[in-house]
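Here the structure is laid out as structure tokens; the discussion comes afterwards.
The values are calculated or read from the model by the stated rules, or taken from the named source; none is laboratory data. Remember, it's a predicted structure, so these values are computed and weren't measured experimentally. Because the Cβ atoms are built from the backbone with ideal geometry, glycine has one as well, and the counts that use them run over all protein chains shown. Accessible surface is based on the protein model in full, side chains and every heavy atom, while ligands, DNA and RNA are left aside. Shrake-Rupley method; radii C 1.70, N 1.55, O 1.52, S 1.80 Å.
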Amino acid sequence: MAASPCFKLIEFTGQAILIEFRPRLRAHRGKLGEHGSDERGAEVHAASFLHRRLIILDSALLRNKRECERILAHEIFHFVWWKAPAIRTEYGSLIGREFITATPGEMGWSADWRKQALRAGDVANNSRAFREYLCESFCDSCACLLLGISRHEEITLPASARKIRRHFFEANLAGRRLKV
Ligand SMILES: [Zn+2]
């Protein structure tokens, strides 16, 4: 995978990942399809297929370089999350502490709506919904931290918590070779 200048802080290693752009992506019942006459399904910006080593991005992102970078970085961090159990554990501990202090907000909508949808017991039981939230939270956070995005309409996490996440990123990811 060719390194983009914005990825200079981290070296990603592994088999090639194919990145495809497709028009008007929509997801319906967990399946990704192109939007045609069928109006069902929610609009999505991107999807990753880990075993197929494929990232599909909505071609509308080609008109917004900054947003395209943020979404692509988010998707690449899905591969990091998949390959790094120690980082998953560390990040889970960090988020566990945020829940103890009832920290609101997130670093992106993908994590935010999942956080808002969590039910009592999800965190303590490490439920599937909580684990999916954790993964999206990691990907949203790392994308912003990697690209130096501190202001964005989707960033709602308080500054104090953002600082702690930045320390996590610097301690566990920055300057590393990460398997994807
Ligand atoms: Zn995601």
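Restricting region 92-101 to residues that are over 13 Å from S160 (Cβ atoms) and without any contact (Cβ under 8 Å) to a residue 12 or more places away in the chain, which is farthest from the ligand (Cβ to nearest atom)?
The residue in question is I100.
Restrict the check to region 152-159 and report whether at least one residue is at pLDDT 95 or above, open to solvent by less than 10 Å² (accessible area, probe 1.4 Å) and away from the ligand (no atom under 12 Å from the Cβ).
Yes, that holds for at least one residue.
Go through region 117-131 and report how many residues are within 16 Å of the chain's Cα centre (by Cα) and closer than 26 Å to E153 by Cβ.
Residues meeting the conditions: 2.
Residues of region 108-151 being away from the ligand (no atom under 13 Å from the Cβ), of a type in the set (A, V, I, L, M) and more than 17 Å from E170 (Cβ to Cβ), which ones?
The answer is A117, L118, A120, V123, A124, A129.
Cβ-Cβ below 6 Å, separation at least six or inter-chain, first residue in region 107-118 and open to solvent by 50 Å² or more (accessible area, probe 1.4 Å), second assigned to a loop (DSSP other than H, G, I, E, B) and away from the ligand (no atom under 12 Å from the Cβ): which pairs?
Taking only residues 6 or more apart or on different chains, the pairs are W109/E154.
E75 is checked against (1) open to solvent by 40 Å² or more (accessible area, probe 1.4 Å); (2) closer than 24 Å to L173 by Cβ and fails just one. What number does that condition carry?
Unmet condition: (1).
Of everything in region 96-106 that's open to solvent by 70 Å² or more (accessible area, probe 1.4 Å) and of a type in the set (V, I, T), which residue is farthest from H152 (Cα to Cα)?
Initial filter on region 96-106 (open to solvent by 70 Å² or more (accessible area, probe 1.4 Å)): 97, 100-102, 104.
Subset that is of a type in the set (V, I, T): 100-101.
On the way: I100: 26, T101: 24 Å.
The selected residue is I100.
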